[in-house]
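Engineer: There's a structure below that I have some questions on.
Values quoted throughout were computed directly from the atomic coordinates according to the rules given, and no laboratory measurement underlies them. Keep in mind that this is a model prediction, so the values were computed, not measured.
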Amino acid sequence: MAVAGEVRTDAAGVGRVLAACARIARETPGGIEARVHPAMVPNNHLLAKVSGPFNAVCLRGSALGTSIYYGRGAGMMPTATAVVAEAPSRSSR
């Protein structure tokens, strides 16, 4: 995520890190509402520790509470692995 260094410094000064966050809301009459945006995440939140080729998903629900899923999902090798894994199912269509 390309963000000016001074913005990152400001975030660090208030105990936060900048992270690219996606939000998917409930289905609306026009479809599913989704967006991706930079967000200031508190340093003590698990999502603040995600870096490099790793991604994380934080789910919140009334029955589930909060659940976080973390693993490789970005970068050359994880992307190549996903493409190769998908190829057999695509070729049979």
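Engineer: Between the range 47-68 and the range 9-30, what is the C-alpha centre distance in whole Å?
Structural biologist: 12 Å
Engineer: Run the numbers for residue 33 and residue 68: contour at 0.36 nm per residue of separation, minus the present Cα-Cα distance, in nm.
Structural biologist: On the way: separation 35, 0.36 × 35 = 12.60 nm, distance 2.10 nm.
Contour length minus Cα-Cα distance gives 10.5 nm.
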